[in-house]
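Beneath this line is the structure, given in structure tokens, with notes to follow.
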Amino acid sequence: MSGSSITDPDVLFGDADGPGLSGLFVRPVRQLAFWAAVVLPFLHLPLLATGLQSQQTVIAFVALVAVNVVALVLGQGHR
């Protein structure tokens, strides 16, 4: 019996390094998401430095955290 599970990204999306439409789409998305997850925390710093006093700043901060979490999840398979 195979050791891979249904939650394994390679099972869900196919082999991202292999040929085919899946490999052409998934690999760049994973790379972009990985690097976005690396860079996005630096955008949190100015918001935190100026303070979360206005409602717009709080909404921007929460949205930025949400985008960062999505990027972390999508980019975790990048090698």
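Bear in mind these aren't lab numbers, they're just calculated from the coordinates by the rules spelled out. The structure presented is a predicted model; accordingly, all values stated were derived computationally and were not measured. Reconstructed Cβ throughout: ideal geometry from the backbone, glycine too, with neighbour counts over all protein chains shown.
Numbers below:
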{"read-out": "Gain on full stretching of the segment that runs from residue 76 to residue 22 - 0.36 nm per residue minus C-alpha separation", "value": "17.7 nm"}
{"read-out": "³J(HN,Hα), Karplus 6.51/-1.76/1.60, whole Hz, each residue of segment 29-45, x for Gly, Pro", "value": "5, 4, 5, 4, 5, 4, 6, 5, 5, 6, 7, 4, x, 5, 7, 6, 4"}
{"read-out": "Residue 77 long-range amide H proximity, modeled H, under 5 Å", "value": "none"}
{"read-out": "Karplus 3J(HN,Hα) series, Hz, for segment 69-79 with 6.51 cos²θ - 1.76 cosθ + 1.60 (x for Gly, Pro)", "value": "5, 4, 5, 4, 5, 5, x, 5, x, 6, 9"}
{"read-out": "Sorted peptide list for 45-54, 20-29, criterion being average Cβ within 10 angstrom, highest first", "value": "20-29, 45-54"}
